[in-house]
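Written below as structure tokens is the structure these notes are about.
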Amino acid sequence: MNEIDHVAVLDFGSQYTQLIVRRVRELGHYAKLYEPEEVASLGKPGAIILSGGPKSTSDEDAPDIDFDALDSYGVPVLGVCYGMQLLNIKFGGSVKSSNRREYGPAELKPSALEGLYADISDSSQVWMSHSDTVSDLPDNSKVIATNKGGTPVSLQWGDRYFGIQFHPEVTHSHEGNTILKNFLSLAKDLAPFIIEDFKREMLDGIRAKVGDKQVVCGVSGGVDSTVLAVLLNEAGVNVRAIFVDHGLMRMNEGDEVRANFARMGVDIETVECSELFLGKLAGVADPEEKRKIIGNLFIDVFWDTVGDAEMLAQGTLYPDVIESASNAKSKASKIKTHHNRVQRILDLQEQGKVLEPLAELFKDEVRELGALLGIEQDILDRHPFPGPGLAVRCPGDITEKKLRVIRECDAIFIGTLKAHGWYGKVWQAYAGLIPVKTVGVKGDERSYEWATNLRAVISEDAMTADWVELPPALLREVSNRILNEVDGINRVLYDISTKPPASIEWE
Ligand code: XMP
């Protein structure tokens, strides 16, 4: 989709580059990520952003840009951090190295509240992260903002090149979105990001690529694989959707997944292999060992079922495609399968047999697409659920009894969250098992049973998480029900650990 007036973001390696793409899309424009080497083939950009990056422009292997190619588009260009320093060099200035790093919040003082800085305050908090600074400013440049100490942190060269020494894309830059919006307003006729257009193009693309071949995909009931399967079905291609039930699913989950797909008119093929998985896991207590067993078995079962696939579709999303948006190999290296078998996918990819229609979308865009495809909201709003399932919520060895206990506690907790309108406010929630027996009293009798941990967190990207301050009355209701209804539990604990240092799952 680069034959429309989109915003091309050239990635110099900053950890925030994807966020730039995201912010631009939030502002209603279509944005796409490229490697700097691709500058000569950006299609039809309406504006170009050069991202930040970890290198110093003086490093031997510092990434460069073909300036003539960049300039040939004749559109507004914004250089962020490294991008700004590179532009300053291209215009004849230089960059001063320093081993003093400015990192964190800083005050931005625009020279005038116009252009890039229209509608922002005269002292705005921005997020800095750099050690080098621009110097020897070229003749055609002007300083359009400084920091509190008077150091130039934003330049304009000529009338369509801009540079900023801070990250407008992070929320710590309080007016960053306005600054990006001001920059984009300088571009002519930027194409809006319309998910309906995207859907139409995706369907056409899928039909063209698949033809009359059979395409297989794995479904788990999660949002991404569900949207993928429904999209393939809607495209009218020959799909084989496979659901591997490893026996580590939640209460009635397999039935629900099947019922949901049936409602959506998509045939799925269940491979029931609980016994196989639980058999191999019997007596295994080490978390890494458990994960390895599950990961390997899952892939074996999937590929045994598939046989020689004509095509494989995967629900890879944009954030999974980190290193490069264009390089098929690095895309595949990010696919969430077990490392030892990624080669198989790489081989298929090499032969053009891998289809990743969602690879240009962010999670919320996938949800929007899903809604457009008629997928019900409760499916689209599902909390994330880990691939290894309840195994990571059951410390130590796994038994049928422990799984039964976890399922019952979890169903009560999740059901109560839904009943009180809290499910949608929480990013992820579950009940797990603490396989430690403690003494209690049930009825008139001494009990000696396990505990359950309730976990409810908010998070943006799962990298960090905070526990949720659920109402005490809700927690009391959950606790009462679990203690009364779940055989095997006599203690209910609420996990108030942030991530880091704790993780969201217990294993
Ligand atoms: P942690 O426990 O690392 O979890 O804080 C972060 C997020 O990732 C999910 N998770 C997994 N998802 N395979 C997955 O597909 C896994 O092995 C896995 N481990 C954790 C977890 O549920 C949370 O959303």
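The values are calculated or read from the model by the stated rules, or taken from the named source; none is laboratory data. Everything quoted here is computed from the prediction, not taken from an experiment. Don't worry about glycine lacking a Cβ; one is built from the backbone with ideal geometry, like all the others, and counts go over all protein chains shown. The protein model used for the area step is the full one, side chains on, heavy atoms only, and it has no ligands, DNA or RNA in it. Shrake-Rupley method; radii C 1.70, N 1.55, O 1.52, S 1.80 Å.
For the range 279-308, the set of residues classified as in contact with a helix residue (DSSP H, G or I) (Cβ under 7 Å, 6 or more places away or on another chain) and buried (at least 18 other Cβ atoms within 10 Å of the Cβ) consists of LEU281, LYS290, ILE294, LEU297, ILE299, listed by residue number. Restricting attention to the range 475-507, the residues that are open to solvent by 80 Å² or more (accessible area, probe 1.4 Å), without any contact (Cβ under 8 Å) to a residue 40 or more places away in the chain and within 12 Å of the ligand (Cβ to nearest atom) add up to 2. If only residues of the range 260-291 that are among the basic types (Lys, Arg) and touching an Asp or Glu at 6+ places or on another chain (Cβ under 9 Å) are counted, the one that is nearest to the ligand (Cβ to nearest atom) is ARG291. Pairing residues of the range 86-105 that are within 16 Å of LYS142 (Cβ to Cβ) with residues that are among the acidic types (Asp, Glu), at Cβ distances under 9 Å and at least 6 apart in sequence or on separate chains, gives ASN88/ASP136; PHE91/ASP139; GLY92/ASP136; GLY92/ASP139; GLY93/ASP136.
Of the helices (runs of 4 or more DSSP H) contained entirely in the range 1-112, those carrying at least 1 residues that are under 30 Å from GLU201 (Cα atoms) fall at 17-26, 67-72. Filter the range 217-236 down to residues that are more than 23 Å from the chain's Cα centre (by Cα) and part of a helix (DSSP H, G or I) and give me whichever is farthest from PHE261 (Cα to Cα). Within the range 217-236, the match that is farthest from PHE261 (Cα to Cα) is ALA235.
Only a single item in (1) part of a helix (DSSP H, G or I); (2) among the β-branched types (Val, Ile, Thr); (3) farther than 30 Å from ILE434 by Cβ is not met by VAL239, and it is number (1).
Suppose we keep only residues that are within 16 Å of the ligand (Cβ to nearest atom) and open to solvent by less than 70 Å² (accessible area, probe 1.4 Å) within the range 448-461. Which one would you say is farthest from PHE413 (Cα to Cα)? Checking each candidate, the answer is SER459.
Taking the range 118-134 on its own, how many of its residues are assigned to a strand (DSSP E or B), small (Gly, Ala, Ser) and at pLDDT 90 or above? Please lay out each step first, then the result.
Of all residues in the range 118-134, those assigned to a strand (DSSP E or B) come to 124-130, 133-134.
In the following step, the residues that additionally are small (Gly, Ala, Ser) were identified as 124, 129.
Keeping just the survivors that are at pLDDT 90 or above gives 124.
The total comes to 1.
Look at the range 356-406 and say how many of its residues are among the small types (Gly, Ala, Ser), in a helix (DSSP H, G or I) and within 16 Å of the ligand (Cβ to nearest atom).
First, pick out the residues of the range 356-406 that are among the small types (Gly, Ala, Ser): 359, 370-371, 374, 387, 389, 391, 396.
Those left that are additionally in a helix (DSSP H, G or I): 370-371, 389, 391.
Adding the requirement that they be within 16 Å of the ligand (Cβ to nearest atom) leaves 389, 391.
Summing the residues that are among the small types (Gly, Ala, Ser), in a helix (DSSP H, G or I) and within 16 Å of the ligand (Cβ to nearest atom) in the range 356-406 gives 2.
Test VAL478 against the criterion of being part of a strand (DSSP E or B) and over 26 Å from LEU281 (Cα atoms), and give yes or no.
Values: part of a strand (DSSP E or B): no; over 26 Å from LEU281 (Cα atoms): yes.
No.
Criterion first (free of Cβ contacts under 8 Å to residues at least 60 places away in the same chain, in the same structural domain as LEU116 (by TED's automatic domain parsing), open to solvent by 60 Å² or more (accessible area, probe 1.4 Å) and closer than 24 Å to GLU102 by Cβ) does LYS55 satisfy it? Yes: the conditions hold for LYS55. A single entry from LEU231, LEU276 fulfils the requirement of being surrounded by 15 or more Cβ atoms within 10 Å (Cβ to Cβ), of a type outside the set (Gly, Ala, Ser) and within 23 Å of GLU356 (Cα to Cα): LEU231. Residue pairs whose Cβ atoms lie under 8 Å apart, separated by 6 or more positions or on different chains, with the first residue in the range 387-400 and touching a residue at least 60 places away in the same chain (Cβ under 8 Å) and the second of a type in the set (Val, Ile, Thr) and within 11 Å of the ligand (Cβ to nearest atom), are GLY387/ILE294; PRO388/ILE294; GLY389/ILE294; ALA391/ILE294. With respect to the conditions (1) open to solvent by 40 Å² or more (accessible area, probe 1.4 Å); (2) in contact with an Asp or Glu (Cβ under 9 Å, 6 or more places away or on another chain); (3) at pLDDT 95 or above, GLU38 falls short on a single one, namely (2).
Exactly one residue among GLY421, GLY432, GLY415, GLY370 is on the phi > 0 side of the Ramachandran plot and at pLDDT 95 or above, and that residue is GLY421. Only one entry in ASP159, ASP197, ASP189 is charged (D, E, K, R) and open to solvent by less than 70 Å² (accessible area, probe 1.4 Å), namely ASP197.
Of the numbered criteria (1) part of a helix (DSSP H, G or I); (2) touching a residue at least 24 places away in the same chain (Cβ under 8 Å), the one ALA456 fails is (1).
For the range 462-474, the candidate set comprises residues that are surrounded by 15 or more Cβ atoms within 10 Å (Cβ to Cβ) and within 16 Å of the ligand (Cβ to nearest atom); within that set, the residue that is nearest to the chain's Cα centre (by Cα) is ALA465. Just one of the numbered conditions (1) more than 16 Å from the ligand (Cβ to nearest atom); (2) part of a strand (DSSP E or B); (3) not hydroxyl-bearing (Ser, Thr, Tyr) is not true of ALA431: (1). Consider ALA465 against the criteria (1) at pLDDT 95 or above; (2) out of contact with any Leu (no Cβ under 6 Å at 6 or more places or on another chain): it satisfies all of them except one. Which criterion is unmet? Going through (1) at pLDDT 95 or above; (2) out of contact with any Leu (no Cβ under 6 Å at 6 or more places or on another chain) one by one, ALA465 breaks only (1).
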